[in-house]
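Q: Take a look at the following structure, please.
What follows draws every value from the coordinates through simple rules; no lab data is involved. Quantities reported herein were computed from a predicted structural model and do not represent experimental measurements. In this analysis, Cβ positions are derived from the backbone assuming ideal geometry, glycine residues included, and neighbour counts consider all displayed protein chains.
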Amino acid sequence: MEKILLADDDRVVLFTLAEGLRQAGFEVVEAHDGMEALAFCQSQAPALALLDIRMPGLNGLELAHRLRDETTVPFMFFSAYGDEEFVRQAVEIGALGYLIKPLQVSAIVPMIRTALARAQEINGLQHALASNRTIATAVGLVMRAEGIDQGAAFERLRRQARTERRKLEDLARTLVEAENSRDG
């Protein structure tokens, strides 16, 4: 059973979502604010965190930054606000989804399952990156050339490999060989 953290300061929303997700087969932990959610994620590492954008103290966006920087917990947002700026920030932080309240559990369960599968795929790719020197070198080259961080560089390579229908390692090898031929 996959463990999901729900973080929202609205107790009615929290209770309703938690019960619905439990009935859908998830183990659910509830947090009433961002600090409580962060502490849980740092100690328990749930499979996914669903974060409200607006919470007192540590809001959802600040919490997501901390989760990204301090843990490996993937996250999605849910909010009453569909403001384009919030959505843009959510994408930049690395959210796996952005849902608008009010939420119907039956409608969000497929999205949660999709996000969980995507998180597992990303985790597997990150492990491959850590164990594959060629991919790591290619990521470094993209980071330097584009002025972006490791996660963004890895994502860019992964998307390019998928678009070109190539294995990530083959694309990485091509990039590294091209760089070596320029240097040599």
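Q: Largest first, please: the extent of the C-alpha atoms of the chain along each principal axis, to the nearest Å.
A: 64, 31, 31
Q: What FRET efficiency do you get for Arg133 and Gln44 if R0 is 45 Å and r is their Cβ-Cβ distance, rounded to the nearest 0.05?
A: Values: r = 32 Å, r/R0 = 0.72.
Efficiency computed from Cβ-Cβ geometry: 0.90.
Q: In nanometres, what is the gap between the two model label sites at Glu177 and Arg11, each 7 Å from Cα along Cα-to-Cβ?
A: Those two pseudo-labels are separated by 6.4 nm.
Q: With +1 on each Lys and Arg Cβ and -1 on each Asp and Glu Cβ, how big is the dipole of segment 132-183 about its Cα centre, in debye rounded to the nearest 20?
A: Around 240 debye, computed over segment 132-183.
Q: Could you work out the Rg to Rh ratio of segment 137-180, with Rh taken as the Kirkwood radius (inverse of the mean 1/r over all Cα pairs)?
A: Expressed as Rg/Rh, it is 0.94.
Q: Long-range amide H contacts for Leu5: which residues qualify at under 5 Å (H placed 1.01 Å from N, peptide plane, sequence gap of 5 or more or a different chain)?
A: Val29, Leu48, Ala49, Leu50
Q: Something else: Which percent, nearest 5, of DSSP beta bridges in the chain are antiparallel?
A: Rounded to the nearest five, the antiparallel share is 0 percent.
Q: Could you work out the local net charge near Met1, counting Lys and Arg as +1, Asp and Glu as -1, over the other residues with Cβ closer than 12 Å to its Cβ?
A: Result for the local shell: 0.
Q: Length gain on complete extension for the stretch Thr163 to Asp83, per 0.36 nm per residue less the alpha carbon to alpha carbon distance?
A: The Thr163-Asp83 span can extend by a further 25.8 nm.
Q: So in segment 3-107, what percent of DSSP beta bridges are antiparallel if you round to the nearest 5?
A: In segment 3-107, DSSP labels about 0 percent of beta bridges as antiparallel.
Q: Here's another thing I want to ask about it. At 222 nm, what helix-only mean residue ellipticity would the chain give, in deg cm²/dmol to the nearest 500, using -39500 (n - 2.57) for each DSSP H run of four or more? If you can, show how the numbers build up before the last one.
A: Working: 8 runs with 116 residues, N = 184.
Taking each H run of at least 4 residues, the total per residue is -20500 deg cm²/dmol.
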